[in-house]
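Report on one structure; see the data block that follows.
The values are calculated or read from the model by the stated rules, or taken from the named source; none is laboratory data. Here the structure is a predicted model, which means the values were calculated and not measured. Using ideal geometry, Cβ is built from the backbone for each residue, glycine included, and neighbour counts are taken over all protein chains shown.
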Amino acid sequence: MPENESTTVQAGLENLLHETRAFPPSPEFAAQANAQASLYETAAADRVEFWASQARDLLTWRTPFTETLDWSGAPVARWFADGTLNAAHNAVDRHVENGLGDRVALHFEGEGGDTRTVTYAELQAEVSRAANAIAALGVGKGDRVVIYLPMLVESVVAMLACARLGAPHSVVFGGFSADALRSRIADAEASLVITADGGFRRGAASALKPAVDEALKGEGTDSVGHVLVVRRTGQDVDWTEGRDVWWHEVVAAADPVHEPEWVDAEHPLFILYTSGTTGKPKGILHTTGGYLTQASFTHRSVFDLKPETDVYWCTADIGWITGHSYVVYGPLVNGATQVIYEGTPDSPHRGRWWEIVEKYKVSILYTAPTAIRTCMKWGEDIPAGYDLSSLRVLGSVGEPINPEAWMWYRRVIGGDKAPIVDTWWQTETGAMMISPLPGVTATKPGSAQVALPGIAADVVDDEAHPVPDGGGGYLVLSEPWPSMLRGIWGDLQRFKDTYWSRFPGIYFAGDGAKKDEDGDIWLLGRVDDVMNVSGHRLSTTEIESALVSHEVVAEAAVVGAADETTGQAVVAFVILRGEHAAKAETPEGAAEISEVLRAHVAKEIGPIAKPRRVLVVPELPKTRSGKIMRRLLRDVAENRTVGDATTLADSSVMDLISAGLSSGT
Ligand code: WTA
């Protein structure tokens, strides 16, 4: 294992080695659970047939499939390839056809307290209108649509309307900058952008449309014919006649009936960009039949969803994969009733989430460890002020959850009884892969534990040999699964290189993991140059290139330093260009440059990528082959004694860095 990686894995192993608590399901929960232990046996007996039967049971096919898995073009899988269906029809229309039109699909809660309830019948009409309106703008099957919206009912409608037309959507998180948006529009060659004037964030209207206007002035965006704009905040917007169109005008005027485009199971459903180890984000491609099968299967079995009675709430934004699979597709395909919330957990007060749980009697809550740790910091008397007794299943996703946060989640939020499902998966996997099954698994604080039925996961060493129980190594997936990515948009070679070259023939996830004495899997964080800040993936290289794009910076190195709340925090080390270096010699000068660079990264990529600290240094630690030794910088960022620096080309560099920092610059 390269040095950086083994240190991460080792540190994680030591921290978790002492965790031995386990919480078996209550007999009452087990008796009523959707998933029973026999599911593992059924799946193990014939994995491919198991998925075929899920696909038949959970989805409605226009043309039934007769082939299940075709792996002859590995690593690009084809699942259910001769079947046809439509994702929006599965998520909406068929529920109405089955007499469930009056069931609430969405309880929308705006940040300012405005609400909107949408039944499945209303959703069908709205999605159909939007599909007609979008088609009238010239978008058809196969055309890409970029969606840049806050969390609104229209966001869900926009995604489903694209799916209805067979037009792959590419949602870009509203917190990303104009330039990040531009590069995604250009890479996807989108023909339409759907946005809003703005959204409400921490009590104020925060504009979105200006970023679209700026992005479309940039290179590679000529493919965009129209911008469809939702009016949310009412703030002023610049308007380009002939290009810009108001959502409320064209959608309201459109026909509420629309015949879905029946597509092949392997028709692209969406592209979602995610950070990789290089500066250029990867457009992860997902297709229709396999993705919907696994999203709905996992949503139903891992959350024990009872669509007639449960109220489900996933706090993720639609800009992330969790919002795709567990706000839009999984829950709606399952006919669930769910809450969607526009704002932040502390607007207008720190009890907002718990107020929402109480108000809607939320029974299943799915959120991220960073949010749980933030609530822990705010104090347990805040949730204690609300009735949370409706909660019966709690989920966690996005990063390893530390045992302390897990225990707090269980006790304070789950009333010591709701099972916690710690779900491991990725943008690339499309849906959950490793998770306890509530009612079956005795859960352990901090462990995602077991591969789901039908999934083959393992922890291997450098030579791809499975490690014995008690050992640590790399997490891999050794068999194809229905919701796996079908590639990186426009770059098959990068897809092969990134995921399939480290261990030929098996999928390398980029995460370190260990197996405990029971064979349960514990995730230990990334082993590559990807950071995880508040459950969001950020690439060190991407932030480094943003930094060096500023005129004062000669060189930059970025590390993820451990952070109690956000998991990791971005810490940047920069070498300044000649004439600017002098300025940074005073503490004030250094502080000023650091502020300028933090703002610059926020502008280039988005506020989520803004470094917690930018440290000006005279040199960066490099090996003889020129590779930056981030491990040593992480020691500095985490205020530790600097580790073994003997492989550095110049071993005095670390002394220089430490001396400079302790003297205040
Ligand atoms: C991390 C989010 C530990 C992991 C769904 C993975 C987790 C990356 C967990 C994917 C978990 C996600 N325990 N780590 N339960 N869930 N991760 O693509 O490092 O935004 O590789 O997908 O998040 O992040 P992504």
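Key figures for this structure:
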quantity: Residues that are more than 14 Å from the ligand (Cβ to nearest atom), of a type in the set (S, T, N, Q) and either at pLDDT below 95 or closer than 13 Å to GLY351 by Cα (or both), drawn from segment 367-406; calculated: THR374
quantity: Residue within segment 518-541 that is at pLDDT 90 or above, assigned to a strand (DSSP E or B), closer than 20 Å to MET654 by Cα and not assigned by the TED database to the domain that holds ASP422 present; calculated: no
quantity: Conditions (1) closer than 25 Å to PRO268 by Cβ; (2) modelled with pLDDT under 95; (3) within 12 Å of the ligand (Cβ to nearest atom); number of the one not met by PHE508; calculated: (2)
quantity: Residue match in segment 269-279 (condition: in the same structural domain as GLY330 (by the TED database), more than 14 Å from ALA180 (Cα to Cα) and more than 16 Å from the ligand (Cβ to nearest atom)); calculated: yes
quantity: Test: ASP529 is within 16 Å of the ligand (Cβ to nearest atom), under 19 Å from the mean Cα position of the chain (by Cα) and surrounded by fewer than 23 Cβ atoms within 10 Å (Cβ to Cβ); calculated: yes
quantity: Inter-residue pairs, beta-carbon under 6 Å, first within 21 Å of ARG502 (Cα to Cα) and in segment 439-466, second more than 13 Å from the ligand (Cβ to nearest atom) and charged (D, E, K, R), 6+ apart; calculated: ALA456/GLU479; VAL459/LYS515; PRO466/ASP458
quantity: Residue ID - surrounded by the most Cβ atoms within 10 Å (Cβ to Cβ), chosen from residues in segment 546-555 that are farther than 30 Å from ARG373 by Cα and touching a strand residue (DSSP E or B) at 6+ places or on another chain (Cβ under 8 Å); calculated: VAL553
quantity: Filter result (over 14 Å from ASP518 (Cβ atoms) and surrounded by fewer than 20 Cβ atoms within 10 Å (Cβ to Cβ)) within segment 468-486; calculated: SER478, GLU479
quantity: Residue within segment 210-222 that is farther than 30 Å from ARG62 by Cα and touching a residue at least 60 places away in the same chain (Cβ under 8 Å) present; calculated: yes
quantity: Unique match (being away from the ligand (no atom under 12 Å from the Cβ), outside any loop (DSSP other than H, G, I, E, B) and surrounded by fewer than 21 Cβ atoms within 10 Å (Cβ to Cβ)) among ARG502, ARG494; calculated: ARG494
quantity: So ASP102, is it surrounded by fewer than 19 Cβ atoms within 10 Å (Cβ to Cβ), assigned by the TED database to the domain that holds ALA211 and acidic (Asp, Glu); calculated: yes
quantity: Some residue of segment 336-359 being part of a loop (DSSP other than H, G, I, E, B), buried (at least 22 other Cβ atoms within 10 Å of the Cβ) and of a type in the set (A, V, I, L, M); calculated: yes
quantity: So HIS536, is it within 16 Å of the ligand (Cβ to nearest atom), out of contact with any strand residue (DSSP E or B) (no Cβ under 7 Å at 6 or more places or on another chain) and under 19 Å from ARG612 (Cβ atoms); calculated: yes
quantity: Conditions (1) surrounded by 23 or more Cβ atoms within 10 Å (Cβ to Cβ); (2) away from the ligand (no atom under 12 Å from the Cβ): number failed by SER435; calculated: (2)
quantity: Matching option when the condition is within 14 Å of the ligand (Cβ to nearest atom) and of a type in the set (A, V, I, L, M, F, W, C), among VAL245, VAL339, VAL302; calculated: VAL302
quantity: Pick from segment 67-81, criterion aliphatic (A, V, I, L, M) and in a loop (DSSP other than H, G, I, E, B), ranking: surrounded by the most Cβ atoms within 10 Å (Cβ to Cβ); calculated: ALA77
quantity: Matching residues in segment 11-66 - criterion: being over 30 Å from PRO480 (Cα atoms), modelled with pLDDT under 95 and either assigned to a helix (DSSP H, G or I) or in the same structural domain as HIS299 (by the TED database) (or both); calculated: ALA11, GLU14, ASN15
quantity: Checklist (1) over 18 Å from LEU305 (Cβ atoms); (2) in a loop (DSSP other than H, G, I, E, B); (3) not hydrophobic (A, V, I, L, M, F, W, C) applied to ASP458, failing item; calculated: (2)
quantity: Test: residue in segment 545-558 that is touching a residue at least 60 places away in the same chain (Cβ under 8 Å) and under 25 Å from LEU452 (Cα atoms); calculated: no
quantity: Helices (runs of 4 or more DSSP H) (entirely within segment 560-641) containing at least 1 residues that are surrounded by 15 or more Cβ atoms within 10 Å (Cβ to Cβ) and modelled with pLDDT of 90 or more; calculated: 587-604, 630-637
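Condition check ((1) assigned to a loop (DSSP other than H, G, I, E, B); (2) farther than 15 Å from TYR148 by Cβ) across all residues:
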{"residue": "ASP213", "(1), (2)": "no, no"}
{"residue": "GLY220", "(1), (2)": "yes, yes"}
{"residue": "VAL224", "(1), (2)": "yes, no"}
{"residue": "TRP239", "(1), (2)": "yes, yes"}
{"residue": "VAL250", "(1), (2)": "no, yes"}
